[in-house]
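Each remark here refers to the structure printed beneath this line.
The values are calculated or read from the model by the stated rules, or taken from the named source; none is laboratory data. The model shown is predicted, which means the values in this text are computed figures rather than measured ones. Quick reminder, even Gly has a Cβ in these numbers, built from the backbone with ideal geometry, and neighbours come from all protein chains shown.
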């Protein structure tokens with residue numbers, strides 16, 4: 001004989017349902033501000049910066065920070081709004097890179113991009129627009145900030161307008177784009193390849 005279990009009713013049922021849907025809110029670690037970012041940039045003859053325009057998935061940020069650490073990126077920049085910060089999940093996925101790669105969250109990303117330009121960096125944004133060039137066609141050897149767009153939507157219009165160049169990753173298959181953490185790896189290591197001293 002089968003026994004049927006019914007959900008509890010009333011206040012107990014409501015509490016049980018709420019308990020099943022409780023989400024853990026992770027604390028976000030303090031990050032650098034715009035002034036501290038510019039100090040780091042000034043310390044390097046050929047700065048190498050990665051900008052993330054509203055990346056929201058902590059797993060993506062963790063993977064990106066891990067790759068940025070391996071690529072020797074001097075700082076990663078993100079806006080304070082509509083973007084994930086350094087959480088415990090980000091730390092875990094980054095396998096410790098979140099504790100080593102300088103991470104700045106800025107109030108006005110467009111203004112920060114203008115300051116980076118004024119400091120001599122070329123801003124290369126990733127986009128699949130027709131006017132973009134292949135990432136392999138661009139010169140990435142000098143002072144550089146690579147800009148990656150958010151999941152699904154890509155870069156915001158104002159962010160794109162502030163880029164000096166737009167780059168795309170050639171795609172041979174049926175899918176239209178890569179996950180942002182994978183795309184960041186492709187772009188960062190193309191820059192690493194180009195910036196490596198000639199033998």
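Quick notes
- Test result for residue 91, surrounded by fewer than 17 Cβ atoms within 10 Å (Cβ to Cβ), out of contact with any strand residue (DSSP E or B) (no Cβ under 6 Å at 6 or more places or on another chain), modelled with pLDDT of 95 or more and on the phi < 0 side of the Ramachandran plot: no
- Cβ pairs under 8 Å, 6+ apart, first in the range 166-183 and more than 18 Å from residue 137 (Cβ to Cβ), second at pLDDT below 85: 176/128; 177/128
- Enumeration of residues in the range 142-157 that are in contact with a strand residue (DSSP E or B) (Cβ under 7 Å, 6 or more places away or on another chain) and surrounded by fewer than 17 Cβ atoms within 10 Å (Cβ to Cβ): 142
- Listed conditions (1) more than 23 Å from residue 110 (Cα to Cα); (2) at pLDDT 95 or above are all met by residue 26, apart from (2).
- Matching entry among 163, 177 (being part of a loop (DSSP other than H, G, I, E, B), surrounded by 13 or more Cβ atoms within 10 Å (Cβ to Cβ) and at pLDDT 95 or above): 163
- Residue ID - surrounded by the fewest Cβ atoms within 10 Å (Cβ to Cβ), chosen from residues in the range 121-141 that are touching a residue at least 40 places away in the same chain (Cβ under 8 Å) and assigned to a loop (DSSP other than H, G, I, E, B): 139
- Qualifying positions in the range 96-120 - exposed (fewer than 14 other Cβ atoms within 10 Å of the Cβ) and in a strand (DSSP E or B): none
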